[in-house]
Amino acid sequence: MTELVSYIVTSLVDDKEHVSVTEDGDVITVRVAKDDMGKVIGKQGRIIKAIRSVVKAASIKAGRNCTVEIDE
């Protein structure tokens with residue numbers, strides 16, 4: 001799942017070197033540069049909701065239940 005989230009997030013941001021995706025159990029934590037935080041969250045949280053929906057569908061297909069969190 002981390003590869004999927006990493007691919008999506010690095011496609012969205014400008015500063016690709018500061019993207020960090022870690023997995024701790026069923027929680028996937030995303031860290032990006034402060035300037036790119038708005039690009040990952042989106043207007044009214046629409047982009048992060050879409051990322052969470054994709055990860056939820058992929059994780060259920062894999063027999064897991066993963067969630068995505070953004071670390072500031």
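The values are calculated or read from the model by the stated rules, or taken from the named source; none is laboratory data. Everything numeric here is computed off the predicted structure, so don't read it as measured data. Cβ: placed from backbone, ideal geometry, glycine included. Neighbour counts: every protein chain shown. Accessible surface is based on the protein model in full, side chains and every heavy atom, while ligands, DNA and RNA are left aside. Shrake-Rupley method; radii C 1.70, N 1.55, O 1.52, S 1.80 Å.
Observations on the structure shown:
- Only residues that are in contact with a His (Cβ under 6 Å, 6 or more places away or on another chain) and farther than 13 Å from L12 by Cβ were counted in segment 30-72, giving 0.
- Pairs with Cβ under 6 Å, 6+ apart, first in segment 1-18 and more than 16 Å from A57 (Cβ to Cβ), second open to solvent by 100 Å² or more (accessible area, probe 1.4 Å): T10/K16
- Residues of segment 16-54 satisfying the condition of being open to solvent by less than 40 Å² (accessible area, probe 1.4 Å) and β-branched (V, I, T): V19, V21, I28, T29, V30, V32, V40, I48, I51
- The residues in segment 55-72 that are open to solvent by less than 50 Å² (accessible area, probe 1.4 Å) and touching a strand residue (DSSP E or B) at 6+ places or on another chain (Cβ under 8 Å) can be counted, and the count is 4.
- When segment 2-15 is filtered for residues that are buried (at least 17 other Cβ atoms within 10 Å of the Cβ) and in a loop (DSSP other than H, G, I, E, B), only V13 remains.
- Test: residue in segment 45-54 that is in contact (Cβ under 8 Å) with a residue 40 or more places away in the chain and not acidic (D, E): yes
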